[in-house]
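The values are calculated or read from the model by the stated rules, or taken from the named source; none is laboratory data. Since the structure is predicted, the reported quantities are computational estimates derived from the model, not experimental observations. Glycine gets a Cβ as well: all are built from the backbone with ideal geometry, and neighbour counts include every protein chain shown.
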Amino acid sequence: MKFGVFFELSVAKPWNPRSEYEVYHNALQQIEAADRLGFDQAWAVEHHFLEEYSHCSAPEVFLAAAAARTSRIRLGHGVMMVLPPFNHPLRCAERAAALDIISNGRLEFGTGRSATWTELGGFRCDPDLTKEMWDEALRAIPKMWTQETFSWESKHFSVPPRNVIPKPVQKPHPPLWVAVSSPETAIQAAERGIGCLGVSVGTPAEYEQRVKDYRRVIKQCEPAGDFVNEQVNGVTFLYVDETDDEARFWGTKLVYTFANFAAHLVGISSIYPTPAYKTPGLLFAVRREAEQQAVTPAGTPERAPGGGGVIREGMAIGTPQTVIKNLKMWEEIGVDRMVFLINSGEQVPHDRVLRSLQLFAEQVMPALDRGAPAARPRAKGRGPRRAEPAMP
Amino acid sequence: MPDFGRLSADRLPHTTPVAAPLYPPPPWSLPGAEILKVTFEIDKDVCLNWLPPSLGRTSPAYAHVIIARYPESPVGPFSLATQYLGCRSRMFVRAYTVQAVTDNEAALSALRETWGFPCKLGRVELSRKGGAVEAGVERGGRRLVAVSFSDGAPIDAESVRFDPVLNLRLVPAVQEGKPPALVELAQIGPAYTIREALRGKAAVTYPEPSEGDPWHLLQPLYPIAAVFVVADTELPYARFVQPY
């Protein structure tokens, strides 16, 4: 199992002129630390207009800065909006290739289509069409990276013959991923032979069937790119401390803040009737649990700050021993990588975040097998389906 | 020793008059309802001006206008037009009721007293022709709101969502200088079994604004969604109440 860090760049109110600056620069320091400590990847989202929840609307800039400060850690778009109303697929390919060059071939290319009305409405993007827009872009971008003369004609965009430059350093191209928050999208990832980048915080039990389905379907995939990237990323929260009580205190602040920010987004499924979006929104289970536990038997809500029991099974919150135990659950269900949200709205002080990363690296990483992918069943007679892109 | 009355508190019905209550208690079964729901973005400051302090706005701020006709109910047929602010109660999606008009006197009392809908009596129209629906509200001789729904096309009923409603239950003080006897938010979560669902385009206008019935304060800035459904629904007891 490998480990990564995941950045939304959440900025809590009240804002001051330095709020965003501090979040960005703290995050860059945390990526430097993660690189030094042996984490494998750092991912940054692309979101627009999502006040407090995510101020990371130009991840290619953030990741380029991270690339310049690090030497080993892989850098991921988690994810880039590849819909033409947001980013023309040509620009997606160009920017990603440039980042792959700048980072010496360390790019992981996650793709997505947004799940909020805030964003889709802001770009006047029809929610019914995002899946097919994403699919077109996903199939076109690897060709832009690998063909000297690229041309394209499809429903949502077209390109006359052009050489899309620069080309990425990784050959044939960087690994492809898609943001997965529903069982349907996990299947679609598998059908296209791309990585399953979990973006909804769930429990190992909730992920288990999704992982099984992904592994089953990817055996018969028609790859969207030039190779199959058979990998499953799980995502959860990370805070490690000397005692479970201390860890739960800060971990609760982290999870509750993130869930509260997420709750104030306008998810497509909550407001726009469409079969294209079926999931009940980010962190739904966390919010439901918080709601249930925050209601007293008398039926009136508890209004204590910090919320109710938002720490769920499998979260990497606790002492190193607790976190090892929890991560074993993820290993057991066949997740290849765990990626961690390590702060939200700077509710955990920056020095504590750095200390948590250090404790994780020193005491948790050695206890987990980081050399091999998680165990998974394979069809008889088939060789490995995962291919790592190569550096020239 | 005087003779005291025999009507002890435990013998009181759910509402008055005690000899023959005006309406039955929840739950109310409301089969065959026709419901038009239109959602649109609104100005965030207008939203904040009308939300209770325990509720939060979203980004962007949005509102719903819902106009429904209930052909069967425990108090006979009635229609109900409501205007809601989309909001969050802690981490949950809710709709806070700002305006309501009904056309049935018994429904008016029940909706106000039991569920806390801020109902007034008026005229509520809803007429459907295929995939088009015209609806509106009149009160005091003014057409307060008009909704025009067009190009309705069938959509998966499971994708249609009605958020739990938060109603302000405010019982006025009966003594001079005292605060209201009750101020609370009641969460009402009607159950819906949707028989037919159409998604289309809609326009919401406020043809004759009225200071006494200020529906026009929630001006649409940008349309989000419009649905028309036929559903069997039930108006239950509140799931819980929360402080204002």
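Some notes on this structure:
- Residue in region A:74-81 that is closer than 21 Å to A:GLY4 by Cβ, β-branched (Val, Ile, Thr) and over 15 Å from the mean Cα position of the chain (by Cα) present: no
- Scanning region A:102-142 for residues that are of a type in the set (D, E, K, R), within 13 Å of another protein chain (Cβ to nearest Cβ) and part of a loop (DSSP other than H, G, I, E, B) gives A:ARG124, A:ASP126.
- Search result, residues across region B:56-86 that are more than 17 Å from B:ALA106 (Cβ to Cβ) and either touching a Lys or Arg at 6+ places or on another chain (Cβ under 7 Å) or not in a strand (DSSP E or B) (or both): B:GLY56, B:ARG57, B:THR58, B:SER59, B:PRO60, B:ALA61, B:HIS64, B:ILE66
- Restricting A:GLY105, A:GLY78 to residues that are surrounded by 23 or more Cβ atoms within 10 Å (Cβ to Cβ) and either within 19 Å of A:GLY195 (Cα to Cα) or touching a Lys or Arg at 6+ places or on another chain (Cβ under 7 Å) (or both) narrows the list to A:GLY78.
- Candidate set from region A:35-56 (those that are touching an Asp or Glu at 6+ places or on another chain (Cβ under 9 Å) and away from chain B (no Cβ under 14 Å)); member that is surrounded by the fewest Cβ atoms within 10 Å (Cβ to Cβ): A:LEU37
- Residue in region A:163-171 that is surrounded by 17 or more Cβ atoms within 10 Å (Cβ to Cβ) and under 17 Å from A:TRP43 (Cβ atoms) present: yes
- Residue check for B:PHE149: within 14 Å of chain A (Cβ to nearest Cβ), within 14 Å of the chain's Cα centre (by Cα) and either within 23 Å of B:ALA197 (Cα to Cα) or without any contact (Cβ under 8 Å) to a residue 40 or more places away in the chain (or both): no
The rows are residues; the columns are (1) touching a Gly at 6+ places or on another chain (Cβ under 8 Å); (2) surrounded by fewer than 15 Cβ atoms within 10 Å (Cβ to Cβ); (3) within 14 Å of another protein chain (Cβ to nearest Cβ).
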| site | (1), (2), (3) |
| --- | --- |
| B:ARG161 | no, no, yes |
| B:LEU168 | yes, no, no |
| B:VAL171 | no, yes, no |
| B:GLU208 | no, no, no |
| B:GLY212 | yes, yes, no |
| B:LEU218 | no, no, no |
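- At least 3 residues being among the hydrophobic types (A, V, I, L, M, F, W, C) and touching a residue at least 12 places away in the same chain (Cβ under 8 Å) is the threshold, and among the strands (runs of 3 or more DSSP E) wholly inside region B:170-244 those reaching it are B:182-188, B:191-205, B:222-235.
- Applying the criterion of at least 1 residues that are at pLDDT below 95 and within 14 Å of another protein chain (Cβ to nearest Cβ) to the helices (runs of 4 or more DSSP H) found wholly in region A:184-284 leaves A:244-263, A:268-271.
- Of the set (1) more than 14 Å from chain A (Cβ to nearest Cβ); (2) of a type outside the set (Ser, Thr, Tyr); (3) touching a helix residue (DSSP H, G or I) at 6+ places or on another chain (Cβ under 9 Å), all apply to B:GLY122 but (3).
- Any hit, region A:291-302, residues being modelled with pLDDT under 95, crowded, with 21+ Cβ neighbours inside 10 Å and either assigned to a loop (DSSP other than H, G, I, E, B) or out of contact with any Pro (no Cβ under 6 Å at 6 or more places or on another chain) (or both): no
- Subset tally (residues that are surrounded by fewer than 16 Cβ atoms within 10 Å (Cβ to Cβ), within 14 Å of another protein chain (Cβ to nearest Cβ) and more than 29 Å from B:LYS129 (Cα to Cα)) for region B:220-239: 2
- Verdict on A:GLY234 being farther than 29 Å from A:VAL11 by Cα, touching a strand residue (DSSP E or B) at 6+ places or on another chain (Cβ under 7 Å) and in contact (Cβ under 8 Å) with a residue 12 or more places away in the chain: no
- Unmet criterion (only one of (1) within 14 Å of chain B (Cβ to nearest Cβ); (2) touching a Pro at 6+ places or on another chain (Cβ under 8 Å); (3) at pLDDT below 95) for A:GLU313: (1)
- Residue in region A:8-21 that is farther than 25 Å from A:LYS253 by Cα and over 15 Å from the mean Cα position of the chain (by Cα) present: no
- Scanning region B:188-244 for residues that are over 24 Å from B:ARG112 (Cβ atoms) and hydroxyl-bearing (Ser, Thr, Tyr) yields B:THR193, B:THR205, B:TYR222.
- Residues considered: B:ALA186, B:ALA135, B:ALA203. Of these, the only one that is touching a Pro at 6+ places or on another chain (Cβ under 9 Å), modelled with pLDDT of 95 or more and either within 29 Å of A:ASP128 (Cβ to Cβ) or within 14 Å of chain A (Cβ to nearest Cβ) (or both) is B:ALA203.
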